[in-house]
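Structure first, then comments.
Read the figures in this text as sums done on the coordinates, not as results from a lab. This one's a predicted model, so the numbers in the text were calculated from it and none came from an experiment. Here Cβ is always computed from backbone atoms with ideal geometry, including for glycine, and neighbour counts include all displayed protein chains.
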Amino acid sequence: MIYFANTTHSVPARGHGGFLYYMVNQIEKVAIYIDGSNLYYKLKDLKVEKTTEFSYKGLSEFLSRERQVVSIRYYVGVVKVKNDSIKASSMRQEQQRLFSNLEKQGICIKRGYLMESNGKFHEKGVDVKIATDMIIGAYENYYDTAILISSNTDLIPAIKHIKYLNKKIEYVGFSHAPSFGLQKNVDISRLLIREDIEKFIPSLGLIPRGSATEP
């Protein structure tokens, strides 16, 4: 996979009658879109327990392959506590720990909402936010490549539109549960295994410092 485009230009060298050749490095810009709930369950499948302490920035930098990361966005439905629900209260506390971790890593949190029905929570509005942000970023030339960490096939129409706008898109999934629908519609597909992410688990690796650029 090639992520850098090097272009050679020739210009007159003043006072020498020759030509001066120089290289212009055009660094590819990538924006990373993380479907939080989708990634949460994939990490749980791989027995990653401390998802609230996981290095999401480290994973993003790993996937960027030394390209310029212009944005890392994490999309998730927000838990709201109603009627003194013990389950919702516990989920809310856990989510606040996650948000604190994301903010320390300089990651932009994009909030949807959770609806409770018969004791179960259903996420709403998240896929729409991801699709909208990816399309707007493509129109505004904010990135060259979008890296999508999600297996949600509802995003395929947005992916097709992004490609129509001459932007590239990479799908990041997991080998134990790939999305064949997404794989068919992106430029590059990458499936992770546990060994790929172990360095980003707090008890096994190091969490990098610093923050990503927020658009």
Positive end of the charge dipole of region 29-200 (Lys, Arg +1 and Asp, Glu -1 on Cβ, about the Cα centre): tell me which of Leu114, Ile72, Leu165 has its Cα farthest that way.
-> Leu114
Residue-wise, which Karplus ³J(HN,Hα) couplings in Hz belong to region 62-67, taking 6.51 cos²θ - 1.76 cosθ + 1.60, θ = phi - 60°, and x for glycine or proline?
-> 4, 6, 6, 6, 6, 7
With a Förster distance of 30 angstrom and the Cβ-Cβ distance between Ile136 and Lys184, calculated FRET efficiency to the nearest 0.05 equals 0.80
Take the cross-link list Lys120/Lys160; Lys110/Lys163; Lys167/Lys199; Lys42/Lys168; Lys80/Lys184; Lys44/Lys163 and give me the ones stretching past 26 Å between alpha-carbons.
-> Lys120/Lys160; Lys167/Lys199; Lys80/Lys184; Lys44/Lys163
Mind jotting down a quarter of the surface of the convex hull over the alpha carbons of region 29-200, in square nanometres, one decimal?
-> 9.8
